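Accompanying notes for the structure given below.
The values are calculated or read from the model by the stated rules, or taken from the named source; none is laboratory data. Keep in mind that what you see is a predicted model, and the values were worked out from it rather than measured. Here the Cβ positions follow ideal geometry from the backbone for every residue, glycine too, while neighbour counts run over all protein chains shown. SASA here: full protein model, heavy atoms, side chains in, ligands and nucleic acids out. Shrake-Rupley method; radii C 1.70, N 1.55, O 1.52, S 1.80 Å.
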Amino acid sequence: QQQVKQSPQSLIVQKGGIPIINCAYENTAFDYFPWYQQFPGKGPALLIAIRPDVSEKKEGRFTISFNKSAKQFSLHIMDSQPGDSATYFCAASLGNYGQNFVFGPGTRLSVLP
Amino acid sequence: EAGVAQSPRYKIIEKRQSVAFWCNPISGHATLYWYQQILGQGPKLLIQFQNNGVVDDSQLPKDRFSAERLKGVDSTLKIQPAKLEDSAVYLCASSYTGTANIQYFGAGTRLSVL
């Protein structure tokens, strides 16, 4: 019940395309859903996050869509660029101290020039 | 603002040896996390500190792993004795209490156990 499932495992798109990465969770107590971006040799960096009281959040070219009833959320990257090539992780946590922080297995995105 | 500092960046040891990793969080961040990231997988939380108290260590293999955070600042993660399956990147992250979910990660320590 603590798991977060993520798909696809890898994704290749052309520059300007809109990659979509999907995640699903079971624990309805989760109340914070971030996306992290990780480049090789670096630690993950927070990209965008959402709480279950909203269905969509947009920051720049990155959009999270959240479906509370389906217990699913997704990341959309508009006008993708080769510099977006990285591994993306969805995650979930609960509580004021971000307890029980759990990451999905990751999606390796390649954006071709 | 300086980021999360970790050392060493790389470590190679033989199985059954011991190893220690050090983390210095961002100044003022009360919450500190240690994660294990096996190649091709997402990070797995090992232990979470709030100041120098443990909030969550449910996934820490306590028979061989230990962690401490003296004075609520720096932290050390130790493995003793190491096994082959401990080969991974060990990531440290910190967050400000007021925004506990926004974690800032260090670059990690890559451990190879031979």
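General remarks:
- Only a single criterion out of (1) without any contact (Cβ under 8 Å) to a residue 40 or more places away in the chain; (2) away from every other protein chain (no Cβ under 11 Å) is not satisfied by A:Ile20, namely (1).
- Residue count for the range B:87-97, restricted to those that are more than 9 Å from chain A (Cβ to nearest Cβ), surrounded by fewer than 22 Cβ atoms within 10 Å (Cβ to Cβ) and within 13 Å of the chain's Cα centre (by Cα): 1
- Only one entry of A:Phe73, A:Phe89 meets the criterion of being facing another protein chain (nearest Cβ under 7 Å), in contact (Cβ under 8 Å) with a residue 24 or more places away in the chain and buried (at least 18 other Cβ atoms within 10 Å of the Cβ), and that entry is A:Phe89.
- The strands (runs of 3 or more DSSP E) found entirely in the range A:1-69 that carry 2 or more residues being more than 16 Å from A:Ala91 (Cα to Cα) are A:10-14, A:56-59.
- Restricting attention to the range A:9-55, the residues that are aliphatic (A, V, I, L, M), open to solvent by less than 30 Å² (accessible area, probe 1.4 Å) and over 15 Å from the mean Cα position of the chain (by Cα) add up to 1.
- Top-ranked residue in the range B:98-112 [being surrounded by fewer than 22 Cβ atoms within 10 Å (Cβ to Cβ) and in a loop (DSSP other than H, G, I, E, B); ranked as modelled with the lowest pLDDT]: B:Ile102
- Residue match in the range B:68-78 (condition: touching a residue at least 40 places away in the same chain (Cβ under 8 Å), in a strand (DSSP E or B), among the aliphatic types (A, V, I, L, M) and closer than 21 Å to B:Val19 by Cα): yes
- Among the numbered conditions (1) open to solvent by less than 60 Å² (accessible area, probe 1.4 Å); (2) at pLDDT below 95, the only one that A:Asp84 does not meet is (2).
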